[in-house]
1. For the structure I just gave you, tell me whether N67 is of a type outside the set (G, A, S), in a loop (DSSP other than H, G, I, E, B) and either closer than 22 Å to A4 by Cα or touching a helix residue (DSSP H, G or I) at 6+ places or on another chain (Cβ under 9 Å) (or both).
2. Restricting to the range 25-55, and then to whatever is out of contact with any helix residue (DSSP H, G or I) (no Cβ under 8 Å at 6 or more places or on another chain) and aliphatic (A, V, I, L, M), can you tell me which residue is farthest from I65 (Cα to Cα)?
3. Note down all Cβ pairs under 6 Å where the first residue falls in the range 41-53 and is in contact (Cβ under 8 Å) with a residue 40 or more places away in the chain and within 12 Å of K3 (Cβ to Cβ), the second is assigned to a helix (DSSP H, G or I) and not aromatic (F, W, Y), and they're at least six residues apart or on different chains.
4. Would you call D24 among the acidic types (D, E), in contact with a strand residue (DSSP E or B) (Cβ under 8 Å, 6 or more places away or on another chain) and modelled with pLDDT of 95 or more?
Amino acid sequence: MEKAVIGFNAGRVWRYLKDRGEADINKMCLDLGQSFDNISLAVGWLARENKVIIRRKDGALLISINNVEFAFG
């Protein structure tokens with residue numbers, strides 16, 4: 001998959017989470033009409049940028065926006 005496509009999907013995932021809050025990755029795949037692999041790559045992109053939090057709960061993989069902001073000074 002091309003880097004541009006992963007970045008595009010990362011934007012779609014970001015907007016999805018911003019609108020809906022924490023979401024199960026499988027539901028996100030269905031709602032966005034993308035494969036698990038495509039959404040996982042997009043979530044990985046966002047995680048590498050420290051934009052999302054990934055956690056497990058009762059066997060589900062939950063993704064949410066990381067609202068932590070750092071400030072110095």
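1. Considered against the rule, which asks whether it is of a type outside the set (G, A, S), in a loop (DSSP other than H, G, I, E, B) and either closer than 22 Å to A4 by Cα or touching a helix residue (DSSP H, G or I) at 6+ places or on another chain (Cβ under 9 Å) (or both), N67 comes out as no.
2. So in the range 25-55, the residues out of contact with any helix residue (DSSP H, G or I) (no Cβ under 8 Å at 6 or more places or on another chain) come out as 27, 30, 33, 37, 44, 47-50, 53, 55.
Those still in the list that are aliphatic (A, V, I, L, M) too: 30, 47, 53.
Details: L30: 19, A47: 9, I53: 6 Å.
Among them, the one singled out is L30.
3. The qualifying pairs are L41/I6.
4. Values: among the acidic types (D, E): yes; in contact with a strand residue (DSSP E or B) (Cβ under 8 Å, 6 or more places away or on another chain): yes; modelled with pLDDT of 95 or more: yes.
Answer is yes for this residue.
Every residue, every condition in (1) outside any loop (DSSP other than H, G, I, E, B); (2) surrounded by 12 or more Cβ atoms within 10 Å (Cβ to Cβ); (3) in contact with a strand residue (DSSP E or B) (Cβ under 8 Å, 6 or more places away or on another chain); (4) of a type outside the set (S, T, N, Q), yes or no:
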position	(1), (2), (3), (4)
R12	yes, yes, no, yes
R15	yes, no, no, yes
K18	yes, no, yes, yes
W45	yes, yes, no, yes
L61	yes, yes, yes, yes
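The values are calculated or read from the model by the stated rules, or taken from the named source; none is laboratory data. Predicted model, so just to flag it, every value in this text is computed and none were measured. Every residue, glycine among them, receives a Cβ derived from its backbone with ideal geometry; neighbour counts consider all protein chains shown.
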